[in-house]
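The values are calculated or read from the model by the stated rules, or taken from the named source; none is laboratory data. Values in this document were obtained by computation on a predicted structure and should not be read as measured data. Cβ: placed from backbone, ideal geometry, glycine included. Neighbour counts: every protein chain shown.
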Amino acid sequence: MFQNTKCECGHQNPPDTLLCESCGKPQTEIAADAPLEMRYDGMARRSQKRNPNPIDLVWNFFSSVKIAIILIIITLVGAAIGTIYPQGNRADYYKQTYGWSGELYHRLGLSSMYDSWWFVGLLVMIGTSLVVCSLDRVLPLYRALSKQQIRKHLMFITRQKTVYTGPVEDNAEQWVQELASHLKRRRYRVHTDGTALLAEKNRFSRWGPYINHIGLIILLLALLARTIPDWKVEETIAVRDGETVQVPQTDYYVKNEKFTVEYYDQNDLPDRLKQQERPKLYKTEAVLYKCVATCGEPGIDPVLEPVKNYDITVNHPLVYKGVKLYQIGYDDTPLLKAVKPVIEDKRNGQVYGPFDLTMKDPQTEYTVGPYSLSLKAQYMEFALNDEGNPVTLSRDPKAPAFIFVVKGPGIDDAGEPYMYFPLQKDKQRFSQDLINRDLVSKMEIRVDGMENVSFTSYSSYLLIRVDRALTYVWVGLGICMLGLLMGAYWHHRRIWLRVDNGVLSLGAHTNKNYFGMRSDVAWALQQMNIEVEKDKLDNGGYNS
Amino acid sequence: MGKYRKPIQIVIMLGVLLLGGYAIGKALFASSETDRPEVGGAAPNFTLLDLKGQQHQLSEYKGKAVVLNFWGSFCPPCVKEMPEFERQYVKWKDKPFEILAVNLSEGDLTVNNFVKDFQLSYPILRDANRVIERRYGLEQYPSTFFIKPDGTIMDIFVGGMTEQDIDRRIERLLQT
């Protein structure tokens with residue numbers, strides 16, 4: 001019933017131990033020729049114990065490498081499916097662009113699958129697997145490697161994958177010391193115990209895979225962190241020349257001081273593109289402000305402080321404290337911003353003004369010479385509807401119109417209405433003079449010269465990007481790479497030997513590159529004047 | 001791990017449940033990919049001024065049904081449905097409901113003239129710089145949101161509404 005797990009050397013081993021923790025003697029019956037199972041130096045892996053309770057069952061599930069690989073494959077296939085059609089669009093987009101397959105894709109929820117509960121669930125499971133697999137293996141490994149016996153059982157030594165046995169004539173202890181000094185030259189850490197020796201090199205490389213996993217866990221947590229509000233922002237804004245617009249979801253405001261476009265010279269364009277205006281360079285001279293008071297209060301302007309100036313061009317974003325503003329396009333429809341009209345008294349030719357008339361939030365009262373103007377109505381894009389009433393077609397000043405009530409010389413004391421179109425084209429289209437026929441002989445509001453007209457020519461499109469998790473992603477990946485390098489470029493090598501009555505028994509083990517291991521052993525023996533061919537050291541078994 | 005094995009296992013499992021539960025839960029209950037408010041979802045809060053300069057917060061109206069109408073003078077169907085809303089407002093005056101008409105970032109003069117012409121008695125709120133417009137993901141006008149007393153959206157109507165359309169929905173709204 002109770003298995004005796006005490007080794008003949010006297011050490012009490014836990015159940016399921018393959019090689020004695022102390023002397024290395026095999027605890028179970030193994031085939032006569034087979035080399036030893038050296039995983040974890042033969043120590044028991046606790047997740048294999050009997051009578052698992054429910055927690056153990058869950059633990060064992062996640063501890064399995066087979067399960068981890070299956071999870072990774074499922075995630076890979078799932079992620080690949082997400083690349084069939086572009087993610088994140090609305091239902092009608094898929095139906096219109098891809099037909100029935102697109103609609104099915106969207107219905108199945110595949111059009112936004114990287115945020116879906118099952119994909120996130122898979123990532124969580126992979127993360128759990130990472131943690132449990134690593135923990136379950138690194139602890140026995142650490143125990144195995146930190147408490148190593150120098151003098152191992154003969155069976156342990158002669159059943160390694162690299163073995164040498166042969167006679168030694170000289171004084172055994174001296175011989176061992178001499179060999180030790182040679183091995184030290186090859187950067188081994190050597191421990192001797194009389195006629196036994198343990199030489200070890202590059203133990204740190206065994207921790208490589210675990211450091212790799214820590215890096216991956218950090219990476220996964222960083223990716224998860226992106227779901228925290230404000231950690232990931234991606235928005236587009238349009239900023240007109242001279243305008244200041246809030247950067248969405250932040251306390252920053254960006255001002256477009258000036259937008260410039262440079263076009264390619266017609267001679268530089270290939271024939272098929274000639275006759276087109278191809279932009280060569282476009283940039284926004286931008287100023288980034290931070291709101292320091294009264295931010296977000298309706299009706300009150302925020303108090304802004306400038307924090308950075310930068311000329312934003314394509315692929316050269318303005319970066320400030322993790323907020324990035326990219327130039328992604330522009331619109332070159334010119335919009336009227338303000339005019340400076342004058343008023344002429346038609347009866348005597350006297351001209352008064354100019355006065356400032358802005359399209360956005362204009363003043364309602366003006367005094368120009370002897371005239372007083374009271375702004376009664378404003379239309380951004382003037383038109384007449386079916387009933388012949390004035391309406392506006394949009395919010396942009398594409399065809400601005402102003403209705404004033406004018407008081408002044410020669411005009412009724414109660415005031416008379418005057419309709420003013422700042423743009424010549426609208427003046428003609430809507431017959432301004434006809435509308436104002438009662439006043440046309442007495443006064444005229446007009447703009448003299450283009451210098452009294454200001455346009456905004458461009459609207460700059462900026463892409464706002466914030467990704468606070470990115471630094472952690474890089475950190476995670478860096479640690480991951482470190483672990484990979486540690487595990488791949490260095491290999492853990494150990495050599496055990498003992499001299500018993502003039503017979504040298506030597507066994508060596510490494511986790512990778514047995515060729516190099518044999519090379520080291522042959523070299524060391526050669527220094528002691530024992531010539532042996534490297535191949536002869538090979539004791540069989542599966543060598544990597 | 002020895003005798004610390006069980007506690008460590010439990011700690012790790014708890015950690016996984018918490019973090020994993022949070023992540024999966026967030027994915028399960030997240031808003032749509034375009035982040036626009038949808039039927040059944042919460043109506044995004046806002047603070048806007050009315051024509052008298054008083055602040056109105058959407059959250060203040062919890063417990064009352066709210067009809068949130070976005071309009072602009074440049075949008076003929078918006079203009080057409082305004083008298084209908086006024087009539088409905090008068091009809092249901094005794095019930096716990098409110099109509100909030102948010103203007104789409106137009107100038108003072110335009111909005112004031114408009115309201116004067118129509119003699120509207122329900123609150124007219126002023127959006128500035130298209131902020132709330134973006135927050136509600138509006139693409140066409142008019143857009144009207146019917147919001148239940150608990151703050152969730154019962155219905156979204158894009159386009160001009162007839163008095164019947166409005167009436168039916170307000171009735172449904174008041175039943176919740």
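Among the residues of the range A:277-308 satisfying the criterion of being away from chain B (no Cβ under 14 Å) and β-branched (Val, Ile, Thr), which is nearest to A:Arg240 (Cα to Cα)? Ranking the candidates gives A:Thr284 first.
In the range B:97-110, the condition of being part of a loop (DSSP other than H, G, I, E, B), among the acidic types (Asp, Glu) and either more than 15 Å from the chain's Cα centre (by Cα) or at positive phi (or both) is met by at least one residue. Within the range A:162-173, residues that are in contact (Cβ under 8 Å) with a residue 40 or more places away in the chain sit with their Cβ atoms under 6 Å from residues that are in a strand (DSSP E or B), at 6+ positions apart or across chains, in these pairs: A:Thr162/A:Ala508; A:Val163/A:Gly507; A:Tyr164/A:Leu506; A:Thr165/A:Ser505; A:Gly166/A:Leu504; A:Val168/A:Val499; A:Val168/A:Leu504; A:Ala172/A:Val499.
Only strands (runs of 3 or more DSSP E) whose full extent lies in the range A:138-254 are considered here, and the ones with at least 1 residues that are over 46 Å from the mean Cα position of the chain (by Cα) are A:162-167, A:189-193, A:196-201. For the range A:360-381, the tally of residues that are part of a strand (DSSP E or B) and either of a type in the set (Gly, Ala, Ser) or more than 11 Å from every other protein chain (Cβ to nearest Cβ) (or both) stands at 9. If the condition is being surrounded by 11 or more Cβ atoms within 10 Å (Cβ to Cβ), basic (Lys, Arg) and outside any loop (DSSP other than H, G, I, E, B), then the range A:255-279 contributes A:Lys255, A:Lys258. What pairs come up if the first residue lies in the range A:467-485 and is touching a residue at least 60 places away in the same chain (Cβ under 8 Å), the second is among the β-branched types (Val, Ile, Thr), and their beta carbons are under 7 Å apart, counting only those six or more places apart or on different chains? Hits for this filter: A:Tyr472/A:Ile218; A:Val475/A:Ile218; A:Gly476/A:Ile218; A:Ile479/A:Ile211; A:Ile479/A:Ile214; A:Ile479/A:Ile218; A:Leu482/A:Ile211; A:Gly483/A:Ile211. Listed by first and then second residue, the pairs linking a residue in the range A:79-102 that is in the same structural domain as A:Phe119 (by TED's automatic domain parsing) to a residue that is β-branched (Val, Ile, Thr), with Cβ atoms under 9 Å apart and 6 or more places separating them unless they lie on different chains, are A:Tyr85/A:Thr97; A:Pro86/A:Thr97; A:Gly88/B:Thr34; A:Asn89/A:Thr97; A:Asn89/B:Thr34; A:Arg90/B:Thr34; A:Ser101/A:Ile84.
Among residues that are within 14 Å of chain A (Cβ to nearest Cβ), out of contact with any strand residue (DSSP E or B) (no Cβ under 9 Å at 6 or more places or on another chain) and either at pLDDT 90 or above or closer than 30 Å to A:Asp361 by Cα (or both), B:Val79 is not included.
Of B:Leu68, B:Leu48, all but one fail to be under 14 Å from the mean Cα position of the chain (by Cα), under 30 Å from B:Lys116 (Cβ atoms), facing another protein chain (nearest Cβ under 10 Å) and surrounded by 13 or more Cβ atoms within 10 Å (Cβ to Cβ); the exception is B:Leu48.
Can you work out which of the residues in the range A:225-254 that are in contact with a Leu (Cβ under 8 Å, 6 or more places away or on another chain) and among the β-branched types (Val, Ile, Thr) is surrounded by the most Cβ atoms within 10 Å (Cβ to Cβ)? Ranking the qualifying residues of the range A:225-254, first place goes to A:Val254.
Could you please find all residues in the range A:232-264 being aromatic (Phe, Trp, Tyr) and within 27 Å of A:Gln276 (Cα to Cα)? Across the range A:232-264, the qualifying residues are A:Phe259, A:Tyr263, A:Tyr264.
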